[in-house]
Every structure is written in C-alpha cells, then in structure tokens.
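Trainee: For reference, the structure I am asking about is given below.
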Amino acid sequence: MQLHAPPVAAQSVRTVPDSNERALERAREQLGRNPSDLRALRDGVQAAMRLGRIDLAATYAQRAAQLAPGDAHITAARGAIEIHRGRPREGLALFEQADMAGLPEDVFVSDRALGYDLLGDQPSAQYYYAIANRLNPSDETLRRYALSLSIIGDYDTGEAMLKPLLNVGDRPAWRMQAFMLAINGRGGEATEVLNRILPSDVAAELTPYLLRMPSLSRAEQAAAANLGIFPSLVQADLSASEAQRARRRRPGD
C-alpha cells in the first residue's frame with residue numbers, strides 16, 4: 001500500500017528552496033553541451049535525488065555507469081536509488097562494490113543508513129547516520145536518525161534529536177514524529193499530529209495504517225515511515241532474516 005507521504009523533496013535539507021532545481025538545471029545545460037560529462041551526470045544524480053526524482057536520477061546514473069563502469073560514486077548512487085525504490089538488499093550490495101572501488105566515507109552515507117533501517121538492522125543504520133550527521137549533516141538525516149532510534153524503543157532520544165525541526169514548524173519532522181509516536185504505541189497522539197499537518201481526508205486515510213505500526217516488524221516500520229510503503233509491498237524484500245545476513249560495520253566490529 002503506497003501512502004500519501006510527503007515526497008522526498010519535501011523532506012530535503014532546508015537550503016535555499018530552489019538550490020537543487022538550479023543544480024539540476026546546470027547539470028542539464030552542461031550535458032546539453034557535452035552528453036559525456038561525467039561530473040555533470042554525477043551532479044544531476046545528486047540534485048535529482050534531493051528533489052525526489054528517483055527515475056531521473058536513475059537515468060543519469062545509468063548513463064554515467066556506461067561511461068565509467070567502475071566509478072565508486074556512481075555505483076553508490078545506484079545503490080541509493082535501489083534503496084529508495086524499496087530494494088535495500090540490492091542497494092547495499094552496490095555500496096559494497098563502491099567500497100571496493102574506493103568510495104569516500106561521506107558519499108550517500110545517509111541513504112546507506114536508510115538501507116540498513118529497511119532491513120531491520122537499526123544498529124548498523126545508526127552507525128551510518130552518525131557518520132552522515134558528522135560529515136554531511138542535513139535535516140533529512142536527523143529525521144531518519146530520530147525514527148531509527150524510536151524503532152528500537154528510544155523515543156525520547158529521537159524526539160530530542162527532532163526537536164529543533166519541530167520548533168521551526170518543519171512539516172516532514174512533524175510527520176515523522178507521528179510515526180514515532182505510533183511505533184511506540186501512542187496512537188492517539190500520533191493521530192492528533194496527523195490531523196494538524198495533513199488535509200482531513202488524507203489524515204483519515206492514513207490513520208488506520210498508522211495505528212498498525214506497533215504490530216509491524218522493525219523493517220516494515222522503517223519502510224512505512226521513510227518510503228510510505230506498507231508490508232504488502234515490502235515483505236518479500238525486507239524479511240527479518242535479511243538483517244542477520246547484512247554485513248554490519250560499527251565501532252568495534
């Protein structure tokens with residue numbers, strides 16, 4: 001079941017509102033002059049991802065992969081795209097390929113973290129969120145990190161992390177808090193939040209699914225909150241056994 005969740009673009013970093021649109025336009029202009037410009041393709045992938053235009057990002061990534069099959073940045077981008085399409089196993093496999101090709105630590109690291117969340121491996125997800133928060137901080141990373149903490153039962157720490165965004169009226173942060181409350185069995189409060197931030201018909205449609213959150217697996221909770229996907233679409237790819245097979249990289253491993 002695909003929910004009426006805000007698009008990824010609505011959950012992006014609070015920068016100049018049209019900065020990603022401008023970056024995408026610059027990449028398009030450069031590619032118009034030179035379709036084989038690998039840097040422009042990379043920039044196009046990045047901007048399209050931030051705008052939630054996953055199909056366009058995939059088009060640019062495919063073209064770039066044809067030009068530079070072993071490029072670590074592009075391989076990681078392809079991994080991030082797979083993760084946003086709800087295929088974390090495939091996405092994380094691409095990240096491992098990128099590692100072998102010399103991927104810098106900060107490239108698409110928040111998306112890599114999301115991949116582990118979608119496998120129900122929250123400790124590994126939080127390891128990568130911490131890296132992202134240190135090297136390339138963003139509002140979206142904070143929202144994902146806060147949710148991941150709530151999934152393992154640490155709602156208070158997650159809420160404290162989210163508080164600065166809630167205080168400035170960040171709608172994606174309020175939406176994430178609704179999921180965090182629901183995951184922790186506070187469905188009434190979660191419903192109140194939804195009714196404040198969404199049109200009444202959308203809130204009414206989403207509420208029954210939100211109230212089911214405590215009964216879902218950790219992987220399913222992450223998929224519902226981050227991607228707007230409920231179990232009927234993710235069970236085959238996000239089984240609990242995947243979390244056990246996923247390669248973990250945390251301090252002390």
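Trainee: Take the Cβ-Cβ distance between Glu189 and Asn34 as r, set R0 to 51 Å, and report the resulting FRET efficiency rounded to the nearest 0.05.
Mentor: 0.45
Trainee: Distance in nm between label sites at Glu25 and Asn167, each 7 Å beyond Cα in the beta-carbon direction?
Mentor: 3.5 nm
Trainee: When the distances between all Cα atoms of segment 103-162 are binned every 5 Å from zero, what whole-number percent does each bin get?
Mentor: Over segment 103-162, the share of Cα pairs per 5 Å bin runs 4, 23, 33, 24, 12, 3, 1 percent.
Trainee: For the full complex of protein chains and a 1.4 angstrom probe, list Thr207, Thr157, Thr141 by accessible area with the highest value first.
Mentor: The residues order as Thr157, Thr207, Thr141, largest area first.
The values are calculated or read from the model by the stated rules, or taken from the named source; none is laboratory data. Computed from a prediction, not measured in an experiment: that's the story for all the values here. In this analysis, Cβ positions are derived from the backbone assuming ideal geometry, glycine residues included, and neighbour counts consider all displayed protein chains. When the accessible area is computed, the model is the full protein with side chains, heavy atoms only, and any ligands, DNA or RNA have been set aside. Shrake-Rupley method; radii C 1.70, N 1.55, O 1.52, S 1.80 Å.
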